[in-house]
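The values are calculated or read from the model by the stated rules, or taken from the named source; none is laboratory data. Note that the structure is predicted; figures quoted are calculated from it, not measured. Methodologically, a virtual Cβ is constructed for each residue, glycine included, from the backbone with ideal geometry; neighbour enumeration extends over all protein chains shown. Just so you know, the surface numbers come from the protein's heavy atoms only, side chains and all, with ligands and any DNA or RNA stripped out. Shrake-Rupley method; radii C 1.70, N 1.55, O 1.52, S 1.80 Å.
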Amino acid sequence: MKFGTKAVQSGNGPDPATGAVMTPIYQTSTYHQASPGQHKGYEYSRSGNPTRASLETALAQLEDARFGLAFSSGMGAEDAIIKLLKPGDEVICTNDLYGGSYRMFVHIFQPLGIRFRFVDMGSTEQVAAALTPATRMLWIETPTNPLIKIIDIAALTQLVKGKGILTVVDNTFATPYLQSPLKLGADIVVHSATKYLAGHSDVVLGAIMLDDEELRNRLFFIQKSCGAVPGPMDSFLTLRGIKTLHVRMERHCQNAAAVAQYLAGHPKVAVVNWPGLSEHPGHAVARKQMRAFGGMLSFSLKGDSQADAFKLMEKLRIFTLAESLGGVESLIGHPATMTHASIPEAERLKAGLSNSLIRISAGIEDAEDLLADLEQALAAV
Ligand SMILES: *Cc1c(COP(=O)(O)O)cnc(C)c1O
């Protein structure tokens, strides 16, 4: 089955109880038992709920995975994955990591004895050099946030193959429509479904997809024991969002291309980070591992003034200044003071996260309107 058909059909009913075509919102915490232990597969909604079960089926199908697990947020999903580890274990992560992941790794799990090393994963040699006998996990995010760097997933999974090291890919930016990490050798795919999968900026939800049954059982045990499960309403909203994922992604990619090309030709713009531009350092790898170049980009201004960046963002009318990404509406953000504010300044600048860097999540509006909005705002700085 092709992707669009799967996106529309997966996780659909008919509901066994009523024949409803759309999966109903089973807003219940508990389930009747005819006699202790005699039930229809559900006992309590932390361990299972039919709306969530439909979503988990759909999630698995999107990544062509055997199993899907839904969490109350992307961070809830990431938290469960790190809990596969124990004190003394080491994780190698990209140094251009989602700020919330960085915060959880360094401030929650590091004090509990799990070690995190941040390296430039664009270089397979640097990852190889960082491996130690204690390395148990590679944490890959590509395209990265907010510098939109590309990491070669196949090269890294190949590097650690047979070494007892799990490879995790945060596939939030690419979505399964553009990139299939499991096919490139990864063990676990994680998503903030809050972004493109749900797609309408109206729900917070996380997802894990994987093929290994033993790992799936361990993650399910963590999910039901620790309890970061999504409610039925949020599961329903995400299921509904997924039905249009392929249609939205196509337009997100087209609009990002138009915006990136426009900005690349603008005299006030210093750098544009979008992997579809042939001068982007990750262009060749992106061509190889992605089916298109995605809806996320970032750019910085000549002179690198934070004040200019703020002025530009205040002048924009169609782009909404807000955290998050992946919704139908175009969003802008200032990573240095918003999503990445918890990264110390010296580390931030060293990683290339400059003061005027602006991140764009291209929505699905008409490209002409987006370009006109940028034109008038850039004229004002
Ligand atoms: C938003 C995001 C997360 C965290 O997900 P939440 O749903 O906000 O908890 C993790 N990784 C990436 C790349 C993200 O953009």
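Calculate, for residue 350 and residue 128, the FRET efficiency according to 1/(1 + (r/R0)^6) with r their C-beta to C-beta distance and R0 30 Å; round to the nearest 0.05.
0.90
If you take the square roots of the eigenvalues of the alpha-carbon gyration tensor of the range 263-369 and sort them as a ≥ b ≥ c, do you get rounded (a/c under 1.5), prolate (a/b over b/c) or oblate?
rounded
Taking the solvent-accessible surface of protein heavy atoms with a 1.4 Å probe, what is the per residue accessible area of the range 1-133 in Å²?
Using a 1.4 Å probe on heavy atoms only, each residue of the range 1-133 averages 49 Å².
Of 86/224; 183/224; 2/195, which pairs sit farther than 25 Å apart, going by alpha carbon to alpha carbon?
Result: 183/224 exceed 25 Å.
Express the carbon and sulfur contribution to the solvent-accessible surface of the range 245-379 as a percent, rounded to the nearest whole number, probe 1.4 angstrom.
Exposed carbon and sulfur together represent 54 percent of the surface.
Once label points are set 7 Å from the Cα along Cα→Cβ at both residue 311 and residue 31, what is their separation, rounded to one decimal in nm?
6.1
Please give the length that would be gained between residue 368 and residue 17 if that part of the chain were fully extended, namely 0.36 nm times their separation in residues minus their C-alpha to C-alpha distance (nm, one decimal).
Answer, rounded to one decimal: 121.6 nm.
Specify the inter-centroid distance of the range 14-44 and the range 88-116, based on alpha-carbon positions, in whole Å.
When both Cα centres are located, 39 Å separates them.
Along the range 80-94, what does the Karplus equation 6.51 cos²θ - 1.76 cosθ + 1.60 (θ = phi - 60°) give for ³J(HN,Hα), rounded to whole Hz, x for Gly and Pro?
Going residue by residue, I get 5, 5, 5, 6, 6, 9, 9, x, x, 6, 10, 10, 9, 10, 5 Hz, with x marking Gly and Pro.
Solvent-accessible area per residue for the range 166-309 at a 1.4 Å probe radius, Å²?
Normalised by residue count, the accessible surface of the range 166-309 is 37 Å².
According to the square roots a ≥ b ≥ c of the eigenvalues of the Cα gyration tensor, what is the shape class of the range 165-276, taking rounded for a/c under 1.5, prolate for a/b larger than b/c otherwise, and oblate for the remainder?
Because a/c hits 1.5 or more and a/b exceeds b/c, the range 165-276 counts as prolate.
Can you tell me the FRET efficiency between residue 217 and residue 44 if r is taken as the Cβ-Cβ distance and R0 is 22 Å, rounded to the nearest 0.05?
The pair residue 217/residue 44 has a calculated efficiency of 0.75.
For the range 185-250, rounded, prolate or oblate, judged on the Cα gyration tensor with a ≥ b ≥ c (square roots of eigenvalues), a/c < 1.5 rounded, else prolate if a/b > b/c?
oblate
Please give the helix 213-226 orientation as an angle from the longest Cα principal axis of the chain, in degrees from 0 to 90, rounded to the nearest 10.
Orientation of helix 213-226: about 90 degrees from the principal axis.
Assuming 0.36 nm per residue, please report the length gained on full extension of the stretch residue 106 to residue 1 beyond their Cα-Cα distance.
Extra length available between residue 106 and residue 1 comes to 33.7 nm.
Just to verify a number: FRET efficiency for residue 258 and residue 224, C-beta to C-beta distance, R0 = 56 Å, to 0.05?
0.80
Rolling a 1.4 Å sphere over the protein heavy atoms, what is the accessible area per residue of the range 330-381, to the nearest Å²?
Solvent-accessible surface per residue comes out at 37 Å².
Just the number, please: carbon plus sulfur as a percent of the accessible area of the range 3-242, 1.4 Å probe, no ligands or DNA/RNA counted.
Solvent-exposed carbon and sulfur of the range 3-242 make up 54 percent of the total.
Based on the mean of other Cβ atoms within 10 Å per residue, sort peptides 360-368, 103-111 so the most packed one is first.
Descending packing order for the listed peptides: 360-368, 103-111.
Just to confirm my numbers, what's the Cα centroid distance between the range 294-328 and the range 133-152 in Å?
Here the answer is 24 Å between Cα centres.
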